[in-house]
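These notes concern the structure reproduced below.
The numbers here are math on the coordinates, done by the rules we state, and not lab data. As the structure is a computational prediction, the values presented were derived from the model and not from experiment. So basically every Cβ, Gly included, is an ideal-geometry build from the backbone, and we count neighbours across all protein chains shown.
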Amino acid sequence: MTSSKRGEAWVYKDNVDTDVIIPARYLNTSDPRELASHCMEDIDKTFAKEVKSGDIIVAGENFGCGSSREHAPISIKESGISVVIAKSFARIFFRNAINIGLPIVENKDMPDETSKGDKIEVDLAKGVIKNLTTGKEYKTNAFSEEIQKIISKGGLVEYTKEKLAK
């Protein structure tokens, strides 16, 4: 797995909950592509149509609050988002994201200093976030080698299958 992610920023405020990430009316499917086609639509009608593979969500406090549905991080990952950066995450969302192989990192300052469309680079192994548009650099906690392996395998289930096969 390459520990470096690069893409354009999609910026959101505080308390983006799982009902906004993937509205409950779409929970009658578990198909990742279908979920991705409705990702963020109640807060940003353009997201699902315009997001590009590798793009990065940047958000405020308490990202992923609300219900514990795994559909939320699945829809984000399947939409092409390579990493989510927020001031803080709801704990259940944090764990669900890692479990499905979606990298997420925290930084208190970066979200307030980032605009939609800024070019962002995140090095998960080193714990460095760079806003290539503004030239600013930020620190975050580096992922442990074990978490990097889980993410590189696409999530905890695939990681565990590989470990059991050995």
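How do Cys39, Cys65 line up, fewest other C-beta atoms within 10 Å first?
So the ranking, lowest neighbour count to highest, is Cys65, Cys39.
Find how much the distance from Glu158 to Ser68 grows on full extension, using 0.36 nm per residue of separation minus their present alpha carbon separation; answer in nm with one decimal.
Stretched out fully, the Glu158 to Ser68 stretch lengthens by 30.3 nm.
Mind checking which of Tyr12, Asn131, Leu164 is farthest towards the positive end of the chain's charge dipole, using Cβ charges of +1 (Lys, Arg) and -1 (Asp, Glu) about the Cα centre?
Towards the positive end, the residue furthest out is Leu164.
Give the long-range amide H neighbours of Phe89: residues separated by 5 or more places, or on another chain, with amide H under 5 Å away, using H modelled in the peptide plane at 1.01 Å from N.
So Phe89 has HN proximity to Asn62, Phe63.
If you build the Cα gyration tensor of the stretch 89-130 and take the root of 5 times each eigenvalue, what three semi-axes come out, in whole angstrom, biggest first?
Taking √(5λ) for each Cα gyration eigenvalue gives 20, 13, 10 Å.
Using a Debye calculation, one point per C-alpha and no hydration shell, please list log10 I(q)/I(0) for the stretch 1-94 at q = 0.17 Å⁻¹ in order.
-0.65
Just rank Arg95, Arg25, Arg69, fewest to most, by other beta-carbon atoms within 10 angstrom.
Placing the least packed residue first, the sequence is Arg25, Arg95, Arg69.
Write down, largest first, the equivalent ellipsoid semi-axes of the stretch 46-120 in whole Å, where each equals the square root of 5 times an eigenvalue of the alpha-carbon gyration tensor.
Working through the eigenvalues yields semi-axes of 18, 16, 10 Å.
Would you mind getting me the FRET efficiency between Glu145 and Ser30? Use the beta-carbon distance for r and R0 = 41 Å, nearest 0.05.
0.85
Using the Karplus equation 6.51 cos²θ - 1.76 cosθ + 1.60 (θ = phi - 60°), what ³J(HN,Hα) coupling, rounded to whole Hz, does each residue of the stretch 30-36 give in order, writing x for Gly and Pro?
3J(HN,Hα) across the stretch 30-36, in whole Hz: 10, 5, x, 5, 5, 4, 4.
Farthest toward the dipole's positive end in the chain, which of Asn141, Ser30, Phe63, given Cβ charges of +1 (Lys, Arg) and -1 (Asp, Glu) about the Cα centre?
Asn141
Give the value in nm², to one decimal: projected area of the alpha carbon convex hull of the stretch 27-166, averaged over all directions.
If I average the Cα hull's projected area over directions, I get 8.7 nm².
Counting Lys and Arg as +1 and Asp and Glu as -1, what is the net charge of the other residues whose Cβ lies under 12 Å from the Cβ of Ile98?
Value of the local net charge: +3.
What are the lysines whose alpha-carbon lies under 16 Å from the alpha-carbon of Lys130, with same-chain residues fewer than 8 places away excluded?
Here the lysines satisfying the reach criterion relative to Lys130 are Lys5, Lys87, Lys108, Lys116, Lys119, Lys139.
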